[in-house]
1. What's the extension gain from GLN250 to TRP84 if we count 0.36 nm per residue and subtract their Cα-Cα distance?
2. Determine, for each peptide in 151-164, 240-253, the mean count of other beta carbons within 10 angstrom over its residues, then list the peptides with the highest first.
3. Within the range 130-171, name every residue whose backbone N is under 17 Å away from a label modeled 7 Å from Cα of SER104 along the Cβ vector.
4. Excluding GLY148 itself, calculate the net charge of residues whose Cβ lies under 11 Å from the Cβ of GLY148, where each Lys or Arg counts +1 and each Asp or Glu counts -1.
5. Neighbouring Cβ atoms within 10 Å as the yardstick, rank ILE112, ILE178 fewest first.
6. Using a 10 Å cut-off around each Cβ, can you sort TRP122, TRP175 from fewest to most neighbouring Cβ atoms?
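Readers should treat all values here as calculations from the given coordinates under stated rules, not as data from a laboratory. The structure displayed is predicted, hence computed values, not measured ones. Cβ: placed from backbone, ideal geometry, glycine included. Neighbour counts: every protein chain shown.
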Amino acid sequence: MKIHPNDLLLQEVLDDPEGGPDRLTRHLHSCTACRRRLEALLRRAGREPADAPPQVGNLLRWRPGPVDYSPAFDRAERVWARMWSTLSEERHDAPGLLAELLASPPRRREMILLHQRRFHTWGVYELLVGRSHEEASGDPAQGEHLAGLALALSERLDAVLYGAEQIADLRARAWGYIGDARRLRLDPQGARQAFEAAFAELKKGTGDHLERALLLDLQAALLRAQGRLDDARRLLRRAVTIFQNFGDRQRAGGSLINLATVHERAGQFAKAVETLEEALQLIDPEEEPRLHLRAQHDLVTNLANAGRFLEAQSLFAKVRRLHADLGGERERSWAQARLARRRRPYHP
């Protein structure tokens, strides 16, 4: 007798009353043919459908008809509300916990973090990762240290509560920030290894496209530093496309600023100007004032590089106050010096 390919799978329901139904319940719910074959298998074994494991028996008795999903939606909404409340509390407590941790000597921080359960929250984990990137621009060693603490903490988080894949996504970001910190510390080999670890973690996670775009943007900075400008452009264009496809205008604008830096490094000042003007169309100055200021500062520089001195001078006059308001005195002085130097051959 020819055996139907699903018979062996359905037989597992009979042979494994505990685990078998869980594997086939969802399929049986939507497949009338397999429910009928399971009934036949039960009768062939001298049993009635009522003798099947409870969840399978319920499916066998189920017939198409109107289904009320509102109880399931209500339960899901209650679960989500509890989870959101917990996360909000953790984020509220995280700054105080992090301040307490950082008040300890650096050599003791990891031990405290790993052995005191009150630190084992998503709020602390998330804040450590974010703070590591903020610190890296001024102190790359400190940035790498904080990201390393985040990686250590990730091993203590409850994977059932927070989700193993979500934890892996944030581990990928932490490794990406370590790679960027090592770039700033002039450790290209260490940076490359960190980015390899980051993409490996992302594969373990959800594969979130926005997380991938973030890593591509960070990795492009390493390639730019190594003089691999074409490779850097390729990664940044991919990052911009992903951010735009998902409606993240601010990050798309940030990646465009980085792309303009690659153009500037290659001496393509007109392309840099065009790219920065595109970035400024995306960045909301109220939401990201410093990013918007950076784009304008870079635009002043590249207008001057391209020989468009009157435009550069006009724009510089408009953003001087913003530089002062946002503490960008160093950038303002740099732009002013660049303008003066570029104008000198024409105004001896």
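1. Numbers: separation 166, 0.36 × 166 = 59.76 nm, distance 2.51 nm.
Contour length minus Cα-Cα distance gives 57.2 nm.
2. Details: 151-164: 15.6, 240-253: 18.3.
Answer by packing, highest mean first, reads 240-253, 151-164.
3. 145-157
4. Working: positive: ARG109; negative: GLU110, GLU144.
Residues close to GLY148 contribute a combined charge of -1.
5. Details: ILE112 14, ILE178 30.
Ordered from fewest to most neighbouring Cβ atoms within 10 Å, ILE112, ILE178 come out as ILE112, ILE178.
6. On the way: TRP122 22, TRP175 27.
Arranged by neighbour count, lowest to highest, TRP122, TRP175 become TRP122, TRP175.
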